[in-house]
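J.: Dropping the structure in here first, questions after.
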Amino acid sequence: MSFPIVGEPIEAIKEKLDILYNEFVERFVEFRGELTLYVKPERIVEICRTFRDNNGLAYNMLADLTAVDNLNNMRDGEPRFHVVYHLFSTVSKHRIRLKAPVVGEPPTIDSVTPVWCGANWHERECFDMFGIVFRGHPDLRRILMPEDWEGYPLRKDFPVADQEPYEYINKQLADE
């Protein structure tokens, strides 16, 4: 079974992005028919709003938000974490990936919940699994792991082998 190619060729998408390149984009990578833009993290909210509201782009759906831990593949001066935004245009049927480097301890970037309210749970999951803080998030707390869990399970330095079995006790039931 084969799937049809959706939308315009990547060259047409790149032409639409030319005006944004110097302002928002540090570099782009094309691989296997997909386009990834490495963007300036300090402008992530403005970048996402532009991709959503610009009629020529109209990336009106945040399909996914996750992170990458580059601990074992870091080059000199490259940050350990990237937050990855998968955008989709329901108008043109195009997909695009934005990658924003995240630095600091804890790694921190602005929340895109003002642009897409659906980013709320994606950012909470990213915080829960990687420890990335989303500045301005309306309710940044664990979403998958218990509240008293220590560490971030998707970080490459998370000690998987040394983990004690976690005994989950519903605190509400325990108090009754």
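The values are calculated or read from the model by the stated rules, or taken from the named source; none is laboratory data. Fair warning: this is a prediction, and the values are worked out from it, not measured in the lab. No Cβ is skipped: glycine too gets one built from the backbone with ideal geometry, and neighbour counts run over all protein chains shown. Just the protein is used for accessible areas: all its heavy atoms, side chains included, with ligands, DNA and RNA removed. Shrake-Rupley method; radii C 1.70, N 1.55, O 1.52, S 1.80 Å.
J.: So residue 135 ticks every box in (1) surrounded by 15 or more Cβ atoms within 10 Å (Cβ to Cβ); (2) at pLDDT 95 or above but one. Which box is left unticked?
T.: Unmet for residue 135, out of (1) surrounded by 15 or more Cβ atoms within 10 Å (Cβ to Cβ); (2) at pLDDT 95 or above: (1).
J.: To continue, here is another question. Could you give me the residue pairs with C-beta distances under 8 Å whose first residue belongs to the range 153-169 and is over 21 Å from residue 80 (Cβ atoms), whose second residue is open to solvent by less than 100 Å² (accessible area, probe 1.4 Å) and at pLDDT 70 or above wherever it lies, and which are 6+ apart or on separate chains?
T.: From residues that are over 21 Å from residue 80 (Cβ atoms), the pairs are 166/146; 166/149; 168/146.
J.: Let me ask you something else. Taking the range 85-107, which residues are more than 12 Å from the chain's Cα centre (by Cα) and more than 15 Å from residue 57 (Cβ to Cβ)?
T.: 103, 104, 105, 106, 107 - these are the residues of the range 85-107 that are more than 12 Å from the chain's Cα centre (by Cα) and more than 15 Å from residue 57 (Cβ to Cβ).
Condition check ((1) charged (D, E, K, R); (2) outside any helix (DSSP H, G or I); (3) touching a residue at least 60 places away in the same chain (Cβ under 8 Å)) across all residues:
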residue	(1), (2), (3)
45	no, no, yes
48	no, no, yes
55	no, yes, no
58	no, yes, no
62	no, yes, yes
65	no, yes, yes
68	no, yes, no
78	yes, yes, no
85	no, yes, no
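J.: Another question about this same structure. With (1) within 12 Å of the chain's Cα centre (by Cα); (2) among the charged types (D, E, K, R); (3) open to solvent by less than 70 Å² (accessible area, probe 1.4 Å) as the list, and residue 125 as the residue in question, which single condition is left unmet?
T.: (3)
J.: Please pick out the residue among 50, 90 that is hydroxyl-bearing (Ser, Thr, Tyr) and in contact with a strand residue (DSSP E or B) (Cβ under 7 Å, 6 or more places away or on another chain).
T.: Answer to the check: 90.
J.: Report whether or not residue 144 is under 27 Å from residue 36 (Cα atoms) and either within 14 Å of the chain's Cα centre (by Cα) or open to solvent by 80 Å² or more (accessible area, probe 1.4 Å) (or both). Spell out the reasoning first.
T.: Working: under 27 Å from residue 36 (Cα atoms): no; either within 14 Å of the chain's Cα centre (by Cα) or open to solvent by 80 Å² or more (accessible area, probe 1.4 Å) (or both): yes.
No, not satisfied.
J.: Also, quick follow-up: Only one of (1) in a helix (DSSP H, G or I); (2) open to solvent by less than 20 Å² (accessible area, probe 1.4 Å); (3) not hydroxyl-bearing (Ser, Thr, Tyr) fails for residue 109. Which number is that?
T.: Looking at each condition in turn, residue 109 falls short on (1).
J.: Kindly check whether there is at least one residue in the range 135-148 that is aliphatic (A, V, I, L, M), in contact with a strand residue (DSSP E or B) (Cβ under 7 Å, 6 or more places away or on another chain), farther than 20 Å from residue 87 by Cβ and not in a loop (DSSP other than H, G, I, E, B). Explain how you work it out, then say what you get.
T.: Residues of the range 135-148 aliphatic (A, V, I, L, M): 140, 143-145.
The next check asks that each one be in contact with a strand residue (DSSP E or B) (Cβ under 7 Å, 6 or more places away or on another chain); those that pass are 140.
Going one step further and asking which of them are farther than 20 Å from residue 87 by Cβ, we end up with 140.
With not in a loop (DSSP other than H, G, I, E, B) added as a condition, the list becomes none.
Within the range 135-148, not a single residue is aliphatic (A, V, I, L, M), in contact with a strand residue (DSSP E or B) (Cβ under 7 Å, 6 or more places away or on another chain), farther than 20 Å from residue 87 by Cβ and not in a loop (DSSP other than H, G, I, E, B).
J.: I've got another one for you. Sort out which residues of the range 44-79 are open to solvent by 60 Å² or more (accessible area, probe 1.4 Å) and either under 17 Å from the mean Cα position of the chain (by Cα) or hydrophobic (A, V, I, L, M, F, W, C) (or both), and write them in order of number.
T.: Selection gives 46, 49, 52, 60, 61, 71, 74.
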